[in-house]
Each structure stands twice: as C-alpha cells, then as structure tokens.
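The values are calculated or read from the model by the stated rules, or taken from the named source; none is laboratory data. Just so it is clear, the structure is predicted and the values come from calculations on it, not from any experiment. In this analysis, Cβ positions are derived from the backbone assuming ideal geometry, glycine residues included, and neighbour counts consider all displayed protein chains.
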Amino acid sequence: MNPPYPIVQTVFLLNFAANGVSSMTDTESNLQNYLATYLRGGIDPAGLPYDGFFAKMNPYLAGGDWSLAWGPCVYCLDPLGPGNATNAMYVAHSPSLSTYVVAIAATNPISIYDWIAEDGDVDPHYMAAWPLQTPFVRIEHAPYGASPAAISAATAQGVSDLLTQPAMRDPATGQNISEYLASVNDPGATLIFSGHSLAGALSPTLAFHLFPNGSAAPWKQVLTLPTAGATPGNAAFAAAFVAAFPPTSAPLPGVATPGGFAWNTDYGNSNDVVPHAWNQLSQVVTGPINDRLQYNSFWGVMSADIGTGLLAALVGAENLSGGIYANLTQEFREPAWGSWQWVQDTDGAWQYPPTWVDLVPYTSAAPLNSIADMGAMIMATHVDQYQNIFGVLPPPRMSHTPAPAPTPPPQKRKPEPA
C-alpha cells in the first residue's frame, strides 16, 4: 500500500503512536514529557533534537495535517518513580478531515499492574455492572452470568483510571478526556476512539461509557477502531455495545475506507492469543498430536513441555473467566508470517524503516521448545503482524528508547522424519 494511507490505516497508526514511551522507566512527569516529544517533537531522552511523530508521519497520513489537541497524558502507579507508564492517552486532530482521534496506549510489557489489574482481572465475582460507575471500586459479589450487562474488573479499572486519575488530565488545561470532548462537541466533526491490545478493550468501552447512545452523540459521528482487543464483558454488554455502535464502513466525508475494513469492529490476527481472550482461548493450542506428545499451536508445533504448560495456563484462564464473556463485533485476518527487525545505530537512533523478516512456523521436526521463543512469537503475532494486516509501516521510534520486543529468528525448515 502506497502512502498517503487511507483513514482506517491512519487511525491505526495514531493508536500505535500512543505507545511512544512503552518499556521506558522514569518519573511520571518525565514519561509524559517524552511522549509529548515523541508526538510533536522536541528534545529526546538523550538530550538530542527529535522531529516528532506528526512531522515525520503527516506526509503518510490521510489529511496530512494531524496535530496534538489534548494531552498526552501518562499515568504511573508511583508518579515519583522511577517507574513505567500504566496508561497513556492523547487526542489528535485533523482540521482538513474534521476528525478527532482518541488514541489509547496498549499494555505496557513492563507494567505488572497492566497485566494483572487491567488485563487479567476477569473473575465474574468482581465484574462491574454496566453502566460503569467511576471511580471503580473492586468488590466481591455473586458471579455475573451472560446478563445483565457487565464488564470485567480489568476493563472497569482501566476505563476508571483513564477518567479519574489526576495524571490523566491535560497538562495545559487541566481537563480530563470527558471534559475536553464536551468542550469540543462539534456536530460537524467525526470522533474516533482507537487502541491496541489492552486499549482494544478500553477504547470501545470508553466510547460507550461517554456516548451510550452512539449515533445520538453531539458529533457528526462517533466511531471506534479497536485492534487485538480481548472481549471486555459478557453477552449482554456485547449486545448493548453493538446496538449503540453497529459495524459500519461509511467513509468520513471525502475519505474512502478501502480494504474491506469497517468501524466498530475489533480486528484480530488469527494467530494472536489476545483477541481470543476470554472465550476462544481453547483455539490457541491443541494436543497432544503425536507419539512424542507434541502440541499444535498458532505458531506451529510445540514441544511436550511447552505445550503442556501453555494448555494448562489457557484452560485456567478460561475457567477463571467463567465462560460468560462474549465478543464485540470481531474480524480475524491472516497476515504474512513474519516480523519487523529494527536496527539501532551507535548514536542511539533507530534505522527507519525496519526490515520485514519472513518466519517459518515450527514443525514436529523443529518444534518450539523454549519460553523465550514462545514470547518472541507472541509479540510477533500481537504487534508486528498487525502492521502487515493494515498494510502500513510501523511508526518510527524515538532515539535512545529501549529496544522493541525480541524478534524471533528466521527458522530453517527441517525435513519431517520419514
């Protein structure tokens, strides 16, 4: 796909830009300053000038005139740190497209709080009734079933943090996201909520929380573009969301949406674990499949030890979730089997663009047999391959930021034993 990218791909890249300080460790205020620098330019963490995401990417984005309208905001559990970002969010605006995008950061791979409190807390005994009351208070109660509408404690905590944490107020105006959007309320503009992974659950839920009537909101239209999102709630919640935010391929005024993509649809990689949570995890690994007790998985054949452990963990997760979670509108796609390889120069700058590296699935002759390789494959299918699905290059990386997740090495296919 040649730039400028269509609007769906543009929004997807804007959502990924919210992760500009992922894996970094510093104080909350410094991380917020670094994210602002990543987006609009300034001095990078090493004290060197950086052009910024918008300056670098506007020639590739629909509209070509995106800028920071609110935020960015970064919340850390320990604001004085040094720590890592728990949540991050900003709003981008394109005057030429009359469009605002609320971009929310994904799970920070080094944030234990993200993994436990905002991703994994799905026990029906702690779900939050919908509509959500904020700030969310986690209490034990009788378990929810498929109805009435409820969301996981994890999603409730994440949405509550985005709305109520003091750090999630614009550093210039002091407005939280709800107050800012109410101050704009442009009936001639489109408003889009987007995010990946953790934010694939948070972005549609936040949109629904702020605009429960969907099309009746005081905007031209309110849309969502979640990617790689785990399902946030039970069947009654999913039905209510779809009623308020039905899938639509309607373009923005004057901007087409090619590629068969639709708004209000959670796009997933068929080989990614996360969008299969919490009601489709049984698809990730199956077996044993042969007399060596190997297992089949999204990434190919796994050794007995790795397959047994992963299957037990996935069964445990499905049991914990109680079998009552249901997907929002979801579409899985098959990307090319590969990942991006980033190279960092001696001055700390990341070469751009990175190189796409083809991968070969693991076979019974050469099975996946280490936790490190499984982690690398999980990251390749959860991050890199989405950029392939959307047909875009990944966003650039700010100099001196930590290396991205490890890239799985290209594998040499070994012949199957006779």
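Just a yes or no: is a residue in the stretch 297-307 hydrophobic (A, V, I, L, M, F, W, C), in a loop (DSSP other than H, G, I, E, B) and not assigned by TED's automatic domain parsing to the domain that holds Trp115? Outline the logic, then answer.
Looking only at the stretch 297-307, we keep the residues that are hydrophobic (A, V, I, L, M, F, W, C), and these are 298-299, 301-302, 304, 306.
Filter once more, so that each one left must be in a loop (DSSP other than H, G, I, E, B): 298-299.
Remaining after also requiring not assigned by TED's automatic domain parsing to the domain that holds Trp115: 298-299.
Within the stretch 297-307, one or more residues are hydrophobic (A, V, I, L, M, F, W, C), in a loop (DSSP other than H, G, I, E, B) and not assigned by TED's automatic domain parsing to the domain that holds Trp115.
Against the conditions (1) at pLDDT 95 or above; (2) crowded, with 19+ Cβ neighbours inside 10 Å, Ala55 satisfies every one except (2).
List the number of the failed condition for Gly229; all other conditions in (1) in contact with a strand residue (DSSP E or B) (Cβ under 6 Å, 6 or more places away or on another chain); (2) among the small types (Gly, Ala, Ser); (3) not in a loop (DSSP other than H, G, I, E, B) hold. Among (1) in contact with a strand residue (DSSP E or B) (Cβ under 6 Å, 6 or more places away or on another chain); (2) among the small types (Gly, Ala, Ser); (3) not in a loop (DSSP other than H, G, I, E, B), Gly229 violates only (3). Across the stretch 1-29, the qualifying residues are those that are surrounded by fewer than 17 Cβ atoms within 10 Å (Cβ to Cβ) and among the polar types (S, T, N, Q), and the one among them that is modelled with the lowest pLDDT is Asn2. So which residues in the stretch 357-374 are assigned to a loop (DSSP other than H, G, I, E, B) and within 24 Å of Leu393 (Cα to Cα)? Within the stretch 357-374, Leu359, Val360, Pro361 meet the criteria. Out of the stretch 111-127, which residues are within 15 Å of Val159 (Cβ to Cβ), free of Cβ contacts under 8 Å to residues at least 60 places away in the same chain and either among the hydrophobic types (A, V, I, L, M, F, W, C) or part of a strand (DSSP E or B) (or both)? Within the stretch 111-127, Ala117 is the sole residue that qualifies. Is it true that some residue in the stretch 334-355 is touching a residue at least 60 places away in the same chain (Cβ under 8 Å) and within 30 Å of Ala235 (Cβ to Cβ)? For the stretch 334-355, residues touching a residue at least 60 places away in the same chain (Cβ under 8 Å) and within 30 Å of Ala235 (Cβ to Cβ): present. Quick check on my filter: what residues within the stretch 319-337 are crowded, with 18+ Cβ neighbours inside 10 Å and in a helix (DSSP H, G or I)? The answer is Ser321, and nothing else.
In the stretch 352-378, which residue that is of a type in the set (Gly, Ala, Ser) and surrounded by 15 or more Cβ atoms within 10 Å (Cβ to Cβ) is nearest to Ser297 (Cα to Cα)? Here the residue is Ser364. Within the stretch 338-351, being polar (S, T, N, Q), more than 16 Å from Pro396 (Cα to Cα) and surrounded by 18 or more Cβ atoms within 10 Å (Cβ to Cβ) holds for no residue. Pull up the stretch 380-412, narrow it to residues that are modelled with pLDDT under 70 and closer than 20 Å to Ala199 by Cα, then point me to the one that is surrounded by the fewest Cβ atoms within 10 Å (Cβ to Cβ). Filtering the stretch 380-412 for residues that are modelled with pLDDT under 70 and closer than 20 Å to Ala199 by Cα, the one surrounded by the fewest Cβ atoms within 10 Å (Cβ to Cβ) comes out as Ala405.
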